[in-house]
Amino acid sequence: MFDDLTDLYQQVILDHCKHPRNFREMGNATHRAQGLNPLCGDQLMLFLRAEAGVVQEISFVGSGCCISKASASLLTEAARGRTRDEIKVLFDQVHDMITTGKMVDGVGKLAVFAGVHKYPARVKCAILAWHAVLAALDGQPEPVSTEKEDT
C-alpha cells in the first residue's frame, strides 16, 4: 500500500513538472514576485490578480528542478479563490509537512510533497513558490531567496 501511494505521489509530481498548470506570464497581474533558489538553480516569477483580497487568477514562469516546478504548479491550483490569510495558513501546513513528513489534513493534492522531507536539499525547492506567493501578496519588491529564509 505504501509503495503504491509513493508511486502515485511521484506520478503527480512528474505530471505537474512536465505539464505545469498556469505556466504563463499574466499581463493583468496586480501582484508579482520573483523567487530564487541559488542552491538548486530554481527561479520563478509568480503573477497573481487579486480582487477584494481574494486571489482570482495566479500563474508563474521560470525554470528549475521538477519538484520546484511541480510545487509552483500545484500552488497555483491551491491558491485560487483564497485570501492572503488563508494562503498563509496553507503555507504553514505545507511547510510543516515538507520539513517533517507529517501528513496534514486539509492540504489536498499538496500531500504529494510529504516525502520531500527525506531529501533535505529539496525542501527549499518545494517551498520556493510558497515564499514567492506570500511576497507577492505582501507587495515585497525584492526577490525572495531560499538562502535568506530559514526553510
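The values are calculated or read from the model by the stated rules, or taken from the named source; none is laboratory data. It should be emphasised that the depicted structure is a prediction, and the values quoted were computed from it without experimental measurement. Every residue, glycine among them, receives a Cβ derived from its backbone with ideal geometry; neighbour counts consider all protein chains shown.
Observations on the structure shown:
- For the range 5-61, filtering for residues that are among the polar types (S, T, N, Q) and part of a loop (DSSP other than H, G, I, E, B) leaves 3.
- Residues located in the range 71-110, provided they are more than 12 Å from the chain's Cα centre (by Cα), within 16 Å of Cys125 (Cβ to Cβ) and of a type in the set (A, V, I, L, M): Met97
- Among the residues making up the range 29-46, those that are over 14 Å from Leu75 (Cα atoms) and in contact with a Phe, Trp or Tyr (Cβ under 6 Å, 6 or more places away or on another chain) are Ala29, Arg32.
- Residues that are part of a helix (DSSP H, G or I) and among the basic types (Lys, Arg) were ranked within the range 94-151; the one that is surrounded by the fewest Cβ atoms within 10 Å (Cβ to Cβ) is Lys118.
- Qualifying residue in the range 53-64 (condition: modelled with pLDDT of 95 or more, crowded, with 18+ Cβ neighbours inside 10 Å and closer than 19 Å to Gly41 by Cα): yes
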